[in-house]
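In what follows, a structure is listed as structure tokens, so that the remarks can point back to it.
The values are calculated or read from the model by the stated rules, or taken from the named source; none is laboratory data. Small disclaimer: the values here were computed from a predicted structure and weren't measured. A quick note on method: Cβ atoms are made from the backbone with ideal geometry, for glycine too, and the neighbour counts reach across all protein chains shown. Note: areas computed on protein heavy atoms with side chains; ligands, DNA, RNA excluded. Shrake-Rupley method; radii C 1.70, N 1.55, O 1.52, S 1.80 Å.
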Amino acid sequence: MHRTTDPRPALGLRPVINVAGTMTYLGASSVRAEAIAAMAAILPEFVEMGALQRYASRALAAATGAEAGFVTASAAAGVSLTLAGAMTGADPARIERLPDTEGMTRRVLIQAGHHVHYGAPVTQAIRLTGAEPVLLGTATRVEPYHLLSALEAPTAAVLFVVSHHTVDHGQLSLEEVVAQCRPRAVPVIVDAASEYDLTGFLARGADAVVYSGHKFLGGPTAGIVVGRTALVRAAYLQTLGIGRGMKVGKESIVGVLAALAAFQARDAQAVRAREDAAIALWAERLADLPGLTTAVVPDPTGNPLVRLEVLINPSQAGTTAWDLADWLAAGDPPVIVRDHMVEHGRFQLDPCNLHPGEAEIVADCIRQCLAQGGPRRTLADRRAAKLAALLAWPE
Ligand SMILES: *Cc1c(COP(=O)(O)O)cnc(C)c1O
């Protein structure tokens, strides 16, 4: 990985070790050297942005099997722009009118178990455009009749979310959704922000797919929209309207394309071997700790990676999973674990973003934290303290 002199100490920033995954709140990804070089080269130059996005369209089409594509500010922006495009088409008057949707079909269907929060509620990415989210079924049970009944009223699109955040059972498959939407010409838009699979969702019938540029691709902060030409064009043209505030710079476009090329050219086996070595090292170095057990778990949406789950038995370990996660985050160096399951007594170590030597440090920090202990909180106090800290910014 590309590293220069670490600028963080001069900025008063702690040198965090990221075993959480690619998280916006941690600066997203460690950007690939190829992307950094491409961004540095384009930054001083002027370009015709329409031509650059046309070039991007061809590169993204080649990589995904789509007819067309473009780069935007983020996956969340891509979701909003594509839904907006489904409402306006390539009509500039409608594009300028949003979020006023007068005269437009504005219902966007989403399965109740897909109604997630990825840092913001996904339904807000829908509502931003002026569209109206319509939830299908209940969190744990969506049946074909829910979709069929909802499709009886005019519908702009269906948003299908692929994520570890979604409910993992009781939802309609992409194939089931496509089968009902295709004959009715209702576009199916897939939010695949953190998925490795660049071709499968389109191949299975999605009309457009949205990816994040700064997750597994290792690009700068950006989003990618690919799909059918008419829909992608309508989404792209939102730059004349609500997309203005989601605009992407020339550096992000070339950076994402360079990251994509490097991602596709990577030695996937060597990457996976490095990740597996970190998992094995952690499992071995944590094996003798009382009240702590580990398990290798696959990625919930089938991405080709595994994580190490750390399970804490509080009576034997003398701590809870959330206190240990917090002690690690407060440590020197701070170690940020994947902690969305701490209420179930477990967190995960994600090996995908480690710099050389950091796996060993993570294991040492866990051993030290368990030996030393630290402040203890209830889950409710932890939640309240996190929210209070967030709301008190910039203090
Ligand atoms: C991360 C994520 C997003 C947001 O991606 P950004 O590119 O950071 O906007 C949206 N949807 C899902 C499912 C995600 O996992």
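Would you please state the base-10 log of I(q)/I(0) at q = 0.15, 0.18 1/Å for segment 26-147, with intensities from the Debye formula using one equal scatterer on every alpha carbon?
For segment 26-147, the Cα-only Debye profile gives -0.95, -1.15.
By DSSP, what percent of the beta bridges with both residues in the chain are antiparallel, rounded to the nearest 5?
60 percent
Send over the Kirkwood Rh of segment 33-265, from the inverse of the averaged 1/r over different Cα pairs, rounded to one decimal Å.
Its Kirkwood hydrodynamic radius stands at 17.6 Å.
First select every other residue whose beta carbon is under 15 angstrom from the beta carbon of A179; then total the charges, Lys and Arg +1, Asp and Glu -1.
-1
T105 versus A41, label points 7 Å from Cα toward the beta carbon: distance in nm?
4.4 nm
Take peptides 282-292, 239-249 and line them up by average Cβ neighbours within 10 Å, highest first, as a rough protection proxy.
Those peptides, ordered most packed to least, come out 239-249, 282-292.
How much net charge surrounds N18 when only other residues with a Cβ under 11 Å from its Cβ are counted (Lys, Arg +1; Asp, Glu -1)?
Local net charge: -1.
Could you state the accessible area per residue of segment 33-265 in Å², with a 1.4 Å probe and every protein chain left in place?
That works out to 41 Å² per residue.
Using only the Cα atoms of the chain, what semi-axes does the equivalent ellipsoid have when each is the square root of 5 times a gyration tensor eigenvalue? Give whole Å, largest first.
38, 26, 19
Just the projected area, averaged over all directions, of the convex hull on the alpha carbon atoms of segment 247-367: how many nm²?
9.4 nm²
Whole Å is fine, so just give me how far the alpha carbon centre of segment 265-291 lies from that of segment 171-234.
Measuring centre to centre over Cα atoms gives 31 Å.
What part of the accessible area of segment 33-265, given as a whole %, is carbon or sulfur when the probe is 1.4 angstrom?
It is 55 percent, rounded to a whole number.
Normalised by the residues of segment 33-265, what does the relative contact order come to in percent, with Cα pairs under 8 Å and at least six apart?
Relative contact order comes out at 33 percent.
Kindly rank 343-354, 161-172 from highest to lowest mean number of other beta carbons found within 10 Å of each residue.
343-354, 161-172
Using all C-alpha to C-alpha distances in segment 307-347, build P(r) with 5 Å bins and read off the rounded percent in each one.
Reading upward from the zero bin: 6, 26, 31, 24, 11, 1.
Note the full-extension length gain between V16 and L240 as 0.36 nm times their separation in residues minus their Cα-Cα distance, in nm to one decimal.
Extra length from V16 to L240 when fully extended: 76.7 nm.
On the full set of protein chains, 1.4 Å probe, figure out the accessible area of S173 and give it in Å² to the nearest 10.
Solvent-accessible area, nearest 10 Å²: 40 Å².
Given the rule -39500 (n - 2.57) for each run of at least 4 DSSP H residues, summed and divided by the residues of the chain, what is its mean residue ellipticity at 222 nm, to the nearest 500 deg cm²/dmol?
Roughly -11500 deg cm²/dmol at 222 nm, from the helical runs in the chain.
Below 13 angstrom from the Cβ of L135, what's the summed charge of the other residues (Lys, Arg +1; Asp, Glu -1)?
Local charge sum for L135: +2.
Mind ranking 136-143, 206-213, 152-159, 7-14 by how tightly packed they are, going by the mean number of other C-beta atoms within 10 angstrom, highest first?
206-213, 152-159, 136-143, 7-14
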